[in-house]
Amino acid sequence: MDERRGDRVSTVTRIGLGAAQLGNLSRAIDEELARATVDAAWESGIRAFDTAPHYGLGLSERRLGGALSMRPRDEFILSTKVGRLLVEDPSGIPRADDDGFAVTSSLRRRWDFSREGILRSIEASLRRLGTDRLDIVYLHDPDEHWDAASTTGVDTLIELREQGVVTAIGAGMNQSPMLTEFVRRCDVDIMMVAGRYTLLDQSAARDLLPAAAENGVAIVAAGIYNSGLLSSDRPRHGGRFDYRDASPDVVAKALEIARACERHGSTLPAAAIAFPLRSDAVTSVVVGARGADQVSETIARYSAPPPPELWSELEERGLIDE
């Protein structure tokens, strides 16, 4: 194991705040609610904050940077991403975003894992966040860009790491096979896996987690509610799983897990947070929130993990496969 790689991210807190909602994910929130979300996270002890230029075309970074501007910089972990470079539309005409965020802007996203593109992206992120360094930078969803991301992309981030602009580097994706290849082939420190190590999908346990443990690479688990299906005590038909409507079979399985949680005095969302943290390979879990109430709810769930007997029952019944 490469201890040096693990040491770079040893201060990540077990629960991190995902800041996509600060970028008006799905619906708009005002500045006051955005600030209250970050303030509540800080007051609850959260010291890891994750964002990206993609989230609201820079809005999330600006709001997060403003909310953290009065906090001691050495007391929190700040992560962002590269690969979706924000560029001005040649027309200069603002229009509504068509990629899931309720924002209007003249900026557009452009896939770019080149050295110049990453340097431009980092420079802009530092400006929006109001900082001179980043603790973690991920290559963002390079699914269709392996050649560029695994060469010029990683090489540029290594260069920035050597300069001290960035402390740790990796990739964040909704799949585990390519993340595993990054771990095996590249000098990375940390991987963010979304939706692939959850109560409903343990596929990352077959490739990414063992590779990360072998190579001293930390894992951050995101998307632990699988797009929302695991976020309520009793999942309902019509709920979302993996960014689409959940199939009846998936809903039925989630309901079985929820009933098991209830038998053991727990809830499905609490189990969803606790599950990935059972792995030694997982450093932290990132959970999004919109408002102080949702932050408090996350902390309450994290603070009341299910008993070991729940995991034994789920394994015995084949509801989880680790």
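The values are calculated or read from the model by the stated rules, or taken from the named source; none is laboratory data. Computed from a prediction, not measured in an experiment: that's the story for all the values here. Heads up, the Cβs are rebuilt from the backbone with ideal geometry, glycines too, and the neighbour counts pull from every protein chain shown.
Some notes on this structure:
- Taking region 246-295 as the range and being of a type in the set (S, T, N, Q) and under 15 Å from S232 (Cα atoms) as the test, the residues that pass are S266, T267, Q294.
- Restricting attention to region 254-272 and to residues that are touching a residue at least 60 places away in the same chain (Cβ under 8 Å) and surrounded by 20 or more Cβ atoms within 10 Å (Cβ to Cβ), the residue that is farthest from G16 (Cα to Cα) turns out to be I257.
- Qualifying residue in region 229-241 (condition: touching a residue at least 60 places away in the same chain (Cβ under 8 Å) and either in contact with a Lys or Arg (Cβ under 9 Å, 6 or more places away or on another chain) or assigned to a loop (DSSP other than H, G, I, E, B) (or both)): no
- With respect to (1) touching a residue at least 40 places away in the same chain (Cβ under 8 Å); (2) not in a loop (DSSP other than H, G, I, E, B), the lone exception for A171 is condition (1).
- Taking the criterion of being within 15 Å of S121 (Cβ to Cβ) and of a type in the set (G, A, S), the residues of region 66-105 that qualify are S79, G83.
- Flag: T180 matches the condition of being surrounded by 20 or more Cβ atoms within 10 Å (Cβ to Cβ) and free of Cβ contacts under 8 Å to residues at least 60 places away in the same chain.
- Some residue of region 60-82 being at pLDDT 95 or above, crowded, with 21+ Cβ neighbours inside 10 Å and part of a loop (DSSP other than H, G, I, E, B): no
- Positions within region 226-240 being crowded, with 23+ Cβ neighbours inside 10 Å and at pLDDT 95 or above, in sequence order: N226, L229, L230
- Residues of region 262-315 that are assigned to a helix (DSSP H, G or I), more than 22 Å from the chain's Cα centre (by Cα) and of a type in the set (G, A, S): S312 alone.
- Hits in region 108-140 (condition: among the acidic types (D, E) and farther than 15 Å from L86 by Cα): D132, D135
- Residue that is surrounded by the most Cβ atoms within 10 Å (Cβ to Cβ), among those in region 97-126 that are charged (D, E, K, R) and not in a strand (DSSP E or B): D112
- Of all positions in region 85-97, at least one carries a residue that is more than 16 Å from A20 (Cβ to Cβ) and within 19 Å of the chain's Cα centre (by Cα).
- Selected residue [hydrophobic (A, V, I, L, M, F, W, C) and out of contact with any helix residue (DSSP H, G or I) (no Cβ under 8 Å at 6 or more places or on another chain)] from A274, A270, A252: A252
- Pair list, Cβ < 9 Å and 6+ apart or interchain, from region 23-40 residues that are without any contact (Cβ under 8 Å) to a residue 40 or more places away in the chain to residues that are in a helix (DSSP H, G or I) and polar (S, T, N, Q): A34/Q21; A34/S60
- Within region 127-148, restricting attention to residues that are part of a helix (DSSP H, G or I) and of a type outside the set (D, E, K, R), the residue that is surrounded by the fewest Cβ atoms within 10 Å (Cβ to Cβ) is W146.
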